[in-house]
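*Asks:* Provided herewith is a single structure, encoded as structure tokens, for subsequent inquiry.
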Amino acid sequence: MFKKGKIWKIPLGILGTAALIVGGYVSYVLLTYSRIEDNVSIASEGNAELVAKPDEEYTIVSYNAGFGAYTADFTFFMDEGKESRARSAQSVKTCIDEIGDRALSFSPDLVLFQEIDTDSTRSYHINEADLLKEKFQSVGQFDNVFARNYHSAYLMYPLYKPHGASNSGLLTFSRFTVSSSLRRSLPIATDIKKVLDLDRCYCISRIPVENGKELVLINTHLSAYGTDAAQGNAQLEMLFADMKAEYEKGNYVICGGDFNHDFTTTSKEYFNPGTDKTYSWCHPFPDAIIPDGFSKCTDYAEGMVSSSRYTNIPYCEDSFTVILDGYIVSDNVSCEYVQNIDTGYEYTDHNPVVMKFRLN
């Protein structure tokens, strides 16, 4: 039998234990937080031997792989959906395999992948970069460059199946020899929100061109959740400064990837007429800050096709979709063809973007 005077101490003890657990977890997150360094040189791997040439038509594909989780019926907890991890390890392997095959189906010379996990709870610790490297090397001679985009502490949410720790990055493939690559850290939140604002970067790869210039190829994945317009602009301004510097040297510049902005500035209204929904990852692209000598490639050869879906519900005709992915090129690069390819979002929450181009 409990004495009456001690019964009230039981809930206080439970609350105290809970507070210690929560406090310990918060301390773990804060103490283990670290940003990946800026200006990190990355060695390329592979066996590419080709040299890029002016006036030849080449093909590039940009494709966000969604960490191998997003089947067409997958919903994500951070998008008001339910799931926090891929359905299974086999599902991850299938998604990555299909994404790799689809990218290769366009006979690309260059491929820019985003959100490729290497050791993440959400993707069952499968090294997706290795799976793709093996696939590409089996069909041709490619150089590849992997830049770790972000790493995070173990996220204990949702409680029924925590999202866990994430290690994810940008993976670039090139049929041309890559002479050097550099990881640039993008500006992110500096207050307590920094622990939720995943580390972000872009990867600059240099490809020698036969005429003595370089093709400066940039793979990027800008911040999404909780990002305000000012921070989004700061990331783009840093990116544009590097692009402009290369252009002023006489180099060719192609930047592709997931910009987490409404890339055309009007695609939200086009695909979702009458909607009043707003999300931090689809602010209109700030065209006014694009530097002189550069332009977005949005003259779609086969009409407007969305490149990303909101994953609050399984993909259907009522899904919120928008164009987030694309290319920005210097004016010494001719965009001969560009198109977002409708895949029905079968293996990722993004569609691939294919561009054919020439170096003038």
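The values are calculated or read from the model by the stated rules, or taken from the named source; none is laboratory data. Note that the structure is a prediction, hence the values are computed from the model and not measured. Here the Cβ is made from the backbone with ideal geometry for all residues, glycine too, and neighbour counts use every protein chain on show. Surface accessibility is based on the protein's heavy atoms, side chains included, excluding ligands, DNA and RNA. Shrake-Rupley method; radii C 1.70, N 1.55, O 1.52, S 1.80 Å.
*Asks:* Which pairs have Cβ atoms under 7 Å, sit 6 or more apart or on different chains, and link a residue in the range 246-269 that is small (Gly, Ala, Ser) to one that is open to solvent by 20 Å² or more (accessible area, probe 1.4 Å) and assigned to a loop (DSSP other than H, G, I, E, B)?
*Replies:* So the pair list comes out as GLY250/LYS213; SER267/MET304.
*Asks:* Can you find even one residue in the range 140-152 that is in contact with a Pro (Cβ under 9 Å, 6 or more places away or on another chain) and of a type outside the set (S, T, N, Q)? Step through it out loud before you land on a result.
*Replies:* At the first step, the residues of the range 140-152 found to be in contact with a Pro (Cβ under 9 Å, 6 or more places away or on another chain) are none.
Among the residues of the range 140-152, not one is in contact with a Pro (Cβ under 9 Å, 6 or more places away or on another chain) and of a type outside the set (S, T, N, Q), which makes the answer no.
*Asks:* Something else now. Determine, yes or no, whether VAL338 is crowded, with 18+ Cβ neighbours inside 10 Å, aliphatic (A, V, I, L, M) and touching a residue at least 24 places away in the same chain (Cβ under 8 Å). Before the answer, list the steps.
*Replies:* Numbers: crowded, with 18+ Cβ neighbours inside 10 Å: yes; aliphatic (A, V, I, L, M): yes; touching a residue at least 24 places away in the same chain (Cβ under 8 Å): yes.
Here the answer is yes, as VAL338 does meet what is asked.
*Asks:* Yes or no: the range 82-93 includes at least one residue that is assigned to a strand (DSSP E or B) and open to solvent by 10 Å² or more (accessible area, probe 1.4 Å). Write out each step before concluding.
*Replies:* Kept after step one, since they are assigned to a strand (DSSP E or B), are these residues of the range 82-93: 83.
From what's left, open to solvent by 10 Å² or more (accessible area, probe 1.4 Å): 83.
Taking every residue of the range 82-93 in turn, at least one turns out to be assigned to a strand (DSSP E or B) and open to solvent by 10 Å² or more (accessible area, probe 1.4 Å).
*Asks:* Moving on to the next point. Residues in the range 282-292: is at least one buried (at least 21 other Cβ atoms within 10 Å of the Cβ), modelled with pLDDT of 95 or more and either part of a strand (DSSP E or B) or within 16 Å of the chain's Cα centre (by Cα) (or both)? Full working, then the answer.
*Replies:* Here is the first cut: in the range 282-292, the ones buried (at least 21 other Cβ atoms within 10 Å of the Cβ) are 282, 285.
From the residues that got through so far, the ones that are modelled with pLDDT of 95 or more too are 285.
Those left that are additionally either part of a strand (DSSP E or B) or within 16 Å of the chain's Cα centre (by Cα) (or both): none.
Among the residues of the range 282-292, not one is buried (at least 21 other Cβ atoms within 10 Å of the Cβ), modelled with pLDDT of 95 or more and either part of a strand (DSSP E or B) or within 16 Å of the chain's Cα centre (by Cα) (or both), which makes the answer no.
*Asks:* State which residue is nearest to the chain's Cα centre (by Cα) when the search covers only the range 97-133 and only residues that are open to solvent by 60 Å² or more (accessible area, probe 1.4 Å) and farther than 19 Å from TYR347 by Cα.
*Replies:* To start, the set of residues in the range 97-133 that are open to solvent by 60 Å² or more (accessible area, probe 1.4 Å) comprises 97-98, 101-102, 105, 107, 119, 124-125, 130-131.
Adding the requirement that they be farther than 19 Å from TYR347 by Cα leaves 107, 119.
Numbers: SER107: 22, ASP119: 16 Å.
Here the residue is ASP119.
*Asks:* Does the range 52-73 include one or more residues that are of a type in the set (A, V, I, L, M), more than 20 Å from the chain's Cα centre (by Cα) and modelled with pLDDT of 95 or more?
*Replies:* Step one: filter the range 52-73 for residues of a type in the set (A, V, I, L, M), giving 52, 60-61, 65, 69, 72.
Next cut, more than 20 Å from the chain's Cα centre (by Cα) only: 52.
Pick out the ones that are also modelled with pLDDT of 95 or more and you get 52.
Yes: the range 52-73 contains one or more residues that are of a type in the set (A, V, I, L, M), more than 20 Å from the chain's Cα centre (by Cα) and modelled with pLDDT of 95 or more.
*Asks:* Here is a list of conditions, (1) modelled with pLDDT of 95 or more; (2) at negative phi, and SER107 meets all of them except one; can you say which number that is?
*Replies:* Going through (1) modelled with pLDDT of 95 or more; (2) at negative phi one by one, SER107 breaks only (2).
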